[in-house]
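The values are calculated or read from the model by the stated rules, or taken from the named source; none is laboratory data. This is a predicted model, so every value here is computed, not measured. For neighbour counting, all protein chains shown are included, and Cβ atoms are generated from backbone atoms with ideal geometry for every residue, glycine included. All accessible areas refer to the heavy atoms of the entire protein, side chains included, with ligands and DNA or RNA removed. Shrake-Rupley method; radii C 1.70, N 1.55, O 1.52, S 1.80 Å.
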Amino acid sequence: MTLSFFDQFMSPTYLGIPLIALALSLPWILYPKPTTRWLNNRLITLQGWFINRFTQQIFQPLSLGGHKWATLLASLMLFLITLNMLGLLPYTFTPTTQLSLNMAFAVPLWLATVIIGMRNQPTHALGHLLPEGTPTLLIPVLIIIETISLFIRPLALGVRLTANLTAGHLLIQLIATAAFVLLPLMPTVAILTAVLLFLLTLLEVAVAMIQAYVFVLLLSLYLQENV
Amino acid sequence: MADRQVSLAEKRLMDVKLNQLGAWLGGRDFTPNGILSAIRRGHDRYYNKYINVKKGGIGGVAMLLVGYVAISYLWEYDHIKHDRWRKYH
């Protein structure tokens, strides 16, 4: 059987159910609903603090029309950050490494921002295609370039998330294999590799959080232009 | 104090005698709604015991995550066993 480092990105099936189903439903279990009590338990307090902080941060620059998106973007952020962090546990499956999932998030949300802009303020939205102060000769070229840049946004959003997470997971697997195989041969080198692996895991935790944040932040920026 | 008399289907699993096990299973509710409500009851029990306490620590969530890792391993075992058996990586 051929060895492939990409096998970790295949969702294995057990009893007919793919693992991705369990991985996608786990974030739902991890965040309990806040009660009507005055003092909740620690988990809910932490969760509430984090969500409030994040929402305030993202929605401060947005005008009032954009605040309608608060629930959607906050829950998207929570979902992505949980999926990314859970994927760092051993033997788990990360759904966000699948391009299909990330494109399914990116394309409809980006398209929604564009359509909202075009419907409510078409002149202003189209005006974004031409930055201020361009020399007259450059105008046609720049409009083409800006249009291409507009249409490439959903692709960039999806691929950015996929590529970052996939690359991180692959690196972890490669370096772990190297450390494991080196252990009987050259223990010193194996220990160095293990230290590298530890640092890499820390990086992956950071990347997991940052990528989710960047995704939602960019969406809010696109919204800000258009609303 | 004598326990309250309940019908077989409503008894808790630990109170059912071994020879009554088949009849107990037959009386349980295996419709989708029944399964969902059983999952919800199980979740509420776990949540109220380990997480919804005044000074809950990391233990409640940690047990859940370890359980998730264990289930993932089980799910992928058919695939992972080849990595362990392989002589050259």
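Observations on the structure shown:
- Cα gyration tensor shape for chain B, rounded if a/c is under 1.5, else prolate or oblate: oblate
- The residues neighbouring A:ILE116, those whose beta-carbon lies less than 12 Å from its own, together hold a net charge of +1 under the Lys/Arg +1, Asp/Glu -1 convention.
- Chain A: DSSP helices with Cα axial extent of at least 30 Å and average Kyte-Doolittle hydropathy no lower than 0.5: A:99-120, A:139-182, A:187-226
- For chain B, the dipole from Cβ point charges (+1 on Lys and Arg, -1 on Asp and Glu) about the Cα centre works out to 280 debye, to the nearest 20.
- Positive dipole terminus of the stretch A:7-226, leading residue within A:THR36, A:SER75, A:TYR91 (C-beta point charges): A:THR36
- Residues of the stretch B:67-89 that bury at least 50 Å² of accessible area when the other protein chains are present, relative to the chain alone (probe 1.4 Å, heavy atoms, ligands and nucleic acids excluded): B:TYR68, B:VAL69, B:TRP75, B:GLU76, B:HIS79, B:ARG86, B:HIS89.
- Under 5 Å, built H, 5+ apart or other chain: amide partners of B:GLY56: A:ARG42
- When chain A is treated as a GNM with alpha-carbon contacts under 10 Å, the residue of A:MET77, A:MET186, A:MET209 showing the greatest mean-square fluctuation is A:MET186.
- Low-density loop positions, trypsin sites (Lys or Arg not before Pro), the stretch B:1-86 - DSSP coil, at most 16 other Cβ in 10 Å: B:ARG4, B:LYS11, B:ARG12, B:LYS17, B:ARG28, B:LYS54, B:LYS55, B:ARG86
- Placed amide H near B:GLU76: partners under 5 Å, 5+ positions off or other chain: none
- The B-A contact accounts for approximately 2500 Å² of buried accessible area, totalled over both chains at a 1.4 Å probe radius.
- Solvent-accessible area, 1.4 Å probe, carbon plus sulfur percent, for chain A: 73
- For A:PHE6, net neighbour charge (Lys/Arg +1, Asp/Glu -1) across residues whose Cβ lies under 15 Å away: -3
- Within chain B, longest stretch clear of exposed chymotrypsin sites (Phe, Trp or Tyr not before Pro) (DSSP loop, no more than 14 other Cβ within 10 Å): B:31-87
- Environment charge of A:GLY48, counting only residues whose C-beta is closer than 13 Å and scoring Lys/Arg +1, Asp/Glu -1: +4
- Average other protein chain Cβ within 10 Å of Cβ, residues B:40-53: 2
- Residues in the stretch A:8-54 that, when all protein chains are in place, have 40 Å² or more less accessible area than the chain alone would give (probe 1.4 Å): A:PRO12, A:TYR14, A:LEU19, A:LEU22, A:LEU26, A:ILE29, A:LEU30, A:ASN41, A:ARG42, A:LEU43
- Debye-sum result for the stretch A:7-226 in log10 I(q)/I(0), which assumes one identical scatterer on each alpha carbon, at q = 0.13, 0.14, 0.17 Å⁻¹: -0.91, -1.00, -1.23
- A dipole drawn for the protein assembly as shown from +1 and -1 charges on Cβ atoms has a positive end, and of A:SER149, A:ILE20, B:LEU36 the residue lying farthest that way is B:LEU36.
- Charge dipole of the stretch A:7-226 (Cα centre as origin; +1 on each Lys and Arg Cβ, -1 on each Asp and Glu Cβ, all else neutral): 620 debye, rounded to the nearest 20.
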